[in-house]
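Asker: One structure, as structure tokens, below. Some questions next.
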Amino acid sequence: MQKKTWYTAIYFARIVLICFTVAFCKTARAQTPFTGIVIDAVTKQVLPFATIKFGNTGHGTVSDLYGRFDLRDADKASYIEISYLGYEPKKLQLPLRDSLVILNSGGGALKEVVIKPPYDKMRHILNAAIANRDKNNPEKYDWYRCRMYYKMTADVLVPDSILAKDTSKDAKEMRDFIDNQHLLMSETYSTRTWRRPQQLQEDVTGSRLSGFKKSMFTNMATDILPFHAYNDYIKLNGKDYHNPVSKGFFTHYDFNLEDEILQGTDTIWILSFRPQKGYEELKGRVYINSDGYAIAYLLAGVYDKQLDRSIKIEQQYKKTEGKWFPNQLNYILNYTLKSDKDKYTVTMKGNTNIDSVSYTEDKKFRFDKVHTIRLDNKADELGDAEWNALRPVALDHKEQRTYVFMDSLVTATHIDKYLQYLSKLGQAKIPIGPVDLDLARLYSYNRFEKTRLGLGLQTNEKLVKWLSVGGWFGYGFGDMDMKYGGFIEAYFDRYKDFTFRFFYNKDLRDPGRISLNRDLDKNYLRMYLLSRVDRIETDGGVATKRFGYWTGEFAAYREKITPLYKYAFNYESTDYTTFTAREASVKLRYAYGERTAPAFGTYYRTGTRYPIWYIKLETGFLEYGADRSKFVQLSSALLYHKHINRLGYEHFLLEGGKSFSDKPLPLSKMFAGNGFRYGDNLSIYAFGGLLTMYPYDYYSDAFVSLIWRHDFDWRLFKASIPGTGLGFAPYISIGHNILYGTMQHPEVHKFVSFSVPNTAYHESGIMLNDILRLKYLNLYYFTLNLGYYYHWAPTFDFNKNGRFVWGLGVEL
């Protein structure tokens, strides 16, 4: 292999791994007295949760996450028998001559192929474990606090066959690099505090990433694997899988009772599980203890054949102060990358040790709902002595060398300077010295302007940290007109949770747009569908503040509205075509139990399991000619996504609004139906709109709408085309959308055609999602979704009222 190829492969893998680290968390191992350790004969990897039986006494134990076990209770046995699923069992006489127990693979032959599993017994064990879930679930405890140490290592594994082909000096250096240090390594030490029902705080007192002096991001182990396995779903690397210990277990999994052992007066049942045909689920083993029917150990994994990606998790639980609690959490994540004709495996290993568990509530403790993960100001300044005091075990030579090597490499190459580009890309910006380039302003397309080219710049923290001044312009080649604007923005805290912005804009907007929050607005799609527009000239100020689970936006502004389509507002026999509004508005967003995480100097939302509520109140005066109308507009929405066991993924959006005014209002101040149809026979699919309706078909001054979609969990089939990166894994979604509205004075709107949905607009549809999947960099899929929606009009007409629907997506 040539020198350039080696460096290209390693450099590319390094960049990918740095990106991974933004989203992932890091972990480490515990120190436990042990007599022996169980390993694989070929790979020399430890075998967690191996079964060790103490002779014929019926008693035994289970190795921990690191293959370690102790024989303190084996005094009545003359030998032990060690077994592990897929391996040949081994008998050893006591006392052991060697603490290293080596098992040989048994070729994967499984007992359940020959022996019929005891389904009634397994059903009893699993149902008892499900019935006791709330008693053993840490989220159901009133309060807990624990300390967590995380360690993550990342490596690029190059096959020996590739290294053997190259005997150059560069290849030798590569082999030495792989053998002597990891590519990346990080450590995090934190205190986790919980109060029922949903208050969580992670206080990070130590954070370290090899090569970097400052902690630009601090993510936790729970970004990869769950803190416990007592919910209906186990989320791995952002994707939901059915929990084998949940209702409907035989629907999604096939089980076998592999073994059962006695530990003192308790019995541990070892059940293996694998997915039923047609389901993308986990494969592994769960160990259930008769003491409270709690999960004692969980070993689970999943493999994506098309991406050649696998993830494996290991969880160990321990009873402390009479309650079961997670004790160790591990994960191994493998990605395959290709360079020319060679393949490399990127491996990330995360280890977690949990100790100092307490259930006594600290009455003086205050949760910070805005910042779920709080980073101590000196978390990245800990010295070696301080880290040594926090680590359960000392770093080995390879880990120590990783810090030394990467610290010197980053210092010599100044790689840390380039991370500012990564931090800005999430905001669609590129830093250029003391200013940021706004990528969203460079190019856009819509049906009114056709192509718009422009430029947007604003000062960044290199000039002033607490203030930014910016401006933008854009030129539409369809309407041959210039749009432009500017702003001054001030930040009142280090994370920009409290900001004030004064602005001026001359731009376009579609009449009647309902703008509640960025979560719902779908601005990218509305911009593309833009065909009926108002020119809006606006100046004003807006303050944004996050407090608790609330986000508030408080604004005051003036707008000059000029319709650029044939329209007149007729009031008292006079036509008006230009309007000036002076308004004040309040936007609120409430997301109970929402988690946040820091990255690159700001906090990002990471989700909530509860509905999110949005509300907007606008009030002001609308001037047209010599007349003036006083108005109040109230709109609100409720958004909820819920993965329901045995049913699937439910999506709900309930939205409504009403205008109050002493005089009629022009069309620009009505509520437009949120239609996503753009052609005679096609619609763009996006959740939140009506797919058989054009954007400007319906208007109202009071409305309510319901958008609903149900995603089924099972896939119709899975297939791929070898050598192309293309695959098929379709699953079905069904949906139904409703819009109802009224309008008091439709007669005042001249020269424009629209309808009022006062008889209710209904549409239903079916989607085939992931009908085509294209893998990208072996990391994720680009997906194509196709479907059909039908508008239920009084007269059934398949051709007139039905629309084919398509959409694109990204899937992990």
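Asker: In square angstrom, rounded to the nearest 10, how much accessible surface does residue 792 have for a 1.4 Å probe?
Answerer: Result for residue 792: roughly 130 Å² accessible.
Asker: Spin-label point model (7 Å from Cα, Cβ direction): what's the residue 493 to residue 638 distance in nm?
Answerer: 2.9
Asker: Sum -39500 (n - 2.57) across every DSSP H segment of at least 4 residues in the chain, then divide by the residue count to get the 222 nm mean residue ellipticity, nearest 500.
Answerer: Counting only the DSSP helices, I get -3500 deg cm²/dmol.
Asker: Tell me, how many Å apart are the Cα centres for the stretch 598-628 and for the stretch 395-410?
Answerer: 47
Asker: Could you tell me whether the stretch 631-692 comes out rounded, prolate or oblate from its Cα gyration tensor? Rule is a ≥ b ≥ c as square roots of the eigenvalues, rounded for a/c under 1.5, then prolate if a/b exceeds b/c, otherwise oblate.
Answerer: Judged from the Cα gyration tensor, the stretch 631-692 comes out oblate (a/c at least 1.5, b/c at or above a/b).
Asker: Would you mind counting up the charge near residue 495? Only other residues with Cβ under 13 Å from its Cβ, with Lys and Arg at +1 and Asp and Glu at -1.
Answerer: Result for the local shell: +3.
Asker: Solvent-accessible area of residue 647, probe 1.4 Å, all protein chains present, reported in Å² to the nearest ten, please.
Answerer: Probe radius 1.4 Å; accessible area of residue 647 about 100 Å².
Asker: Under 19 Å from the 7 Å Cα→Cβ point of residue 716, by amide nitrogen: which residues of the stretch 681-704?
Answerer: Within reach of a label on residue 716, which here means backbone N under 19 Å from a point 7 Å along Cα→Cβ, the stretch 681-704 contributes 683, 685.
Asker: Just to verify a number: what accessible area does residue 401 come out at with the full protein assembly present, 1.4 Å probe, Å² rounded to tens?
Answerer: 100
Asker: From the phi of every residue in the stretch 365-379, what ³J(HN,Hα) in whole Hz does the Karplus formula 6.51 cos²θ - 1.76 cosθ + 1.60 yield, where θ is phi - 60° and glycine or proline is x?
Answerer: In residue order, the calculated couplings are 6, 10, 7, 9, 6, 6, 10, 4, 9, 9, 9, 4, 4, 10, 4 Hz.
Asker: Now a separate question. Where the centre of each part is set by its Cα atoms, how far does the stretch 497-529 sit from the stretch 648-675, in angstrom?
Answerer: 15
Asker: Can you give me the long-range amide H partners of residue 106? Hydrogens built in the peptide plane at 1.01 Å from N, cutoff under 5 Å, separation of 5 or more residues or another chain.
Answerer: Under 5 Å from the amide H of residue 106: 87, 88.
Asker: Then there's this: Could you work out how far helix 169-180 tilts from the main Cα principal axis of the chain, as a 0 to 90 degree angle to the nearest 10?
Answerer: Tilt relative to the chain: about 80 degrees.
Asker: Would you kindly state how much longer the chain becomes between residue 812 and residue 418 on full extension, computed as 0.36 nm times their sequence separation minus their alpha carbon distance, in nm to one decimal?
Answerer: Result: 139.2 nm gained on full extension.
Asker: Suppose R0 equals 45 Å; then what is the FRET efficiency for residue 213 and residue 254 from their Cβ-Cβ distance, rounded to the nearest 0.05?
Answerer: 0.30
Asker: With axes computed from alpha carbons, what is the tilt in degrees of helix 119-131 against the longest principal axis of the chain, rounded to the nearest 10 within 0 to 90?
Answerer: For 119-131 against the chain, the angle is about 60 degrees.
Asker: Can you tell me what share of the DSSP beta bridges in the chain is antiparallel? A percent to the nearest 5 is fine.
Answerer: 95
Asker: Need one word for the chain: rounded, prolate or oblate. Basis is the Cα gyration tensor (sqrt eigenvalues a ≥ b ≥ c); a/c below 1.5 gives rounded, then a/b vs b/c decides.
Answerer: Note, shape of the chain comes out prolate.
Asker: List the residues, sorted by chain then number, that are 5 or more residues from residue 802 or on another chain and whose placed amide H is less than 5 Å from its amide H.
Answerer: For residue 802, whose amide H was placed from the backbone, the distant partners under 5 Å are 791.
Asker: Based on DSSP loop calls and a cut-off of at most 12 other Cβ atoms within 10 Å, the longest stretch of the chain free of exposed GluC sites (Glu not before Pro) is what?
Answerer: 1-320
Asker: Expected output is a single nm value to one decimal: the length gained when fully extending between residue 139 and residue 708, i.e. 0.36 nm times separation in residues minus the C-alpha distance. What is it?
Answerer: 201.9 nm
Asker: Please give the helix 3-23 orientation as an angle from the longest Cα principal axis of the chain, in degrees from 0 to 90, rounded to the nearest 10.
Answerer: The answer is roughly 70 degrees.
Asker: Check each of the chymotrypsin sites (Phe, Trp or Tyr not before Pro) in the stretch 448-512 and keep only those in coil by DSSP with at most 13 other C-beta atoms within 10 angstrom; list them in order.
Answerer: Filter output for the stretch 448-512: 466, 477, 492.
Asker: Compute the length gained on full extension between residue 361 and residue 467: take 0.36 nm times their separation in residues and subtract their Cα-Cα distance, giving the result in nm to one decimal.
Answerer: Residue separation times 0.36 nm, minus the Cα-Cα distance, leaves 34.0 nm.
Asker: Using a Förster distance of 56 Å, how high is the FRET efficiency between residue 600 and residue 628, based on the Cβ-Cβ distance and rounded to 0.05?
Answerer: E between residue 600 and residue 628, to the nearest 0.05, is 0.75.
Asker: Could you compute the net charge surrounding residue 706? Neighbours are other residues with a C-beta less than 14 Å from the C-beta of residue 706; K and R count +1, D and E count -1.
Answerer: Taking every other residue near residue 706 into account, the sum is -2.
Asker: I need the calculated FRET efficiency for the pair residue 502 and residue 795, taking r as the beta carbon distance and R₀ as 51 Å, to the nearest 0.05.
Answerer: 0.45
The values are calculated or read from the model by the stated rules, or taken from the named source; none is laboratory data. The structure displayed is predicted, hence computed values, not measured ones. Neighbour counts are summed over all protein chains in view; Cβ atoms, including those assigned to glycine, are modelled from backbone coordinates with ideal geometry. Ligands, DNA and RNA are excluded from the accessible area calculation, which covers all protein heavy atoms including side chains. Shrake-Rupley method; radii C 1.70, N 1.55, O 1.52, S 1.80 Å.
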